[in-house]
Amino acid sequence: MAAGVRRHDPGRRQRIIDAAIRVVRAKGIAGLSHRTAAAEADVPLGSTTYHFKTLDDLLVAALRQANEGFAALVSAFPALADPTADLATSLARLLGEFLAADRGRVELEYELYLAALRRPALRPVAAEWGEAVAGALAERTDPVTARALVAVMDGISLQVLLTDAAYDEPYAREILGRVLARA
């Protein structure tokens, strides 16, 4: 075996996913290829095609990893577990924290999420995100209302991201409260 060459590298697949996310964050989805992911991960090109036969396979893995962040944030947000806390206020605060924490990461997550419009392979993973968040919210409300809350939060997030508008927590609280009032 040549010096520096490793035949068994259990972390390589994850490094490629992490590299793909960095490439998409820096250059957008149009900048992602097996070659750019391999270069960013510092692995041979053959490693990317071994682990991810198609670019869509790599994007699915990247989107799935990006999805985990927001779903975990929702699940871990203490006010959502408190049945006495006002749900609209809690969700508005959570959304504000999500959008303020790392705008680049939020933009990356939405870019991967919206790629499902043109890449059908990504659609099931995009749907998993909505289902995971709605599932977490369904502990505080019914499943239909939970899905409506996810849709509203998605819409508000997209408006903030696409218009560079400041996040308006009172507005979000008002709209989320209206959805909950109809439940």
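Placing dummy labels 7 Å off each Cα toward the beta-carbon, the span from ASP9 to ARG105 is 2.6 nm.
Whole-Hz Karplus values for the range 97-113 come out as 5, 4, 6, 8, 4, 7, 4, x, 5, 5, 4, 4, 4, 6, 5, 5, 4 Hz, taken residue by residue from phi with 6.51 cos²θ - 1.76 cosθ + 1.60 and θ = phi - 60°; glycine and proline positions read x. With all protein chains in place and a 1.4 Å probe, the accessible surface of the chain carries 55 percent carbon and sulfur. Computed packing ranks the peptides 163-174, 112-123 as 112-123, 163-174, most packed first, by mean other Cβ atoms within 10 Å. Stretching the chain fully between THR84 and LEU162 yields a gain of 24.7 nm (0.36 nm per residue, less the alpha carbon separation). Taking the square roots of 5 times each eigenvalue of the Cα gyration tensor of the chain, largest first, gives ellipsoid semi-axes of 36, 16, 14 Å.
Using the 1.4 Å probe convention, the accessible area of the range 56-183 works out to 51 Å² per residue with neighbouring protein chains retained. Coupling constants for the range 69-78 follow from the phi torsions by the Karplus curve (6.51 cos²θ - 1.76 cosθ + 1.60, θ = phi - 60°), and in residue order they are x, 6, 4, 5, 4, 5, 5, 8, 5, x Hz; glycine and proline get x. The dipole here belongs to the range 49-142: it is taken about the Cα centre, uses +1 on the Cβ of Lys and Arg and -1 on the Cβ of Asp and Glu, and is about 320 debye.
The values are calculated or read from the model by the stated rules, or taken from the named source; none is laboratory data. Note that the coordinates shown come from a computational prediction; the quantities given were computed from them, not determined experimentally. Neighbour counts run over all protein chains shown; Cβ positions are idealised from the backbone, glycine included. Each accessible area value is taken on the protein alone, full model and side chains, heavy atoms only, with ligands, DNA and RNA left out. Shrake-Rupley method; radii C 1.70, N 1.55, O 1.52, S 1.80 Å.
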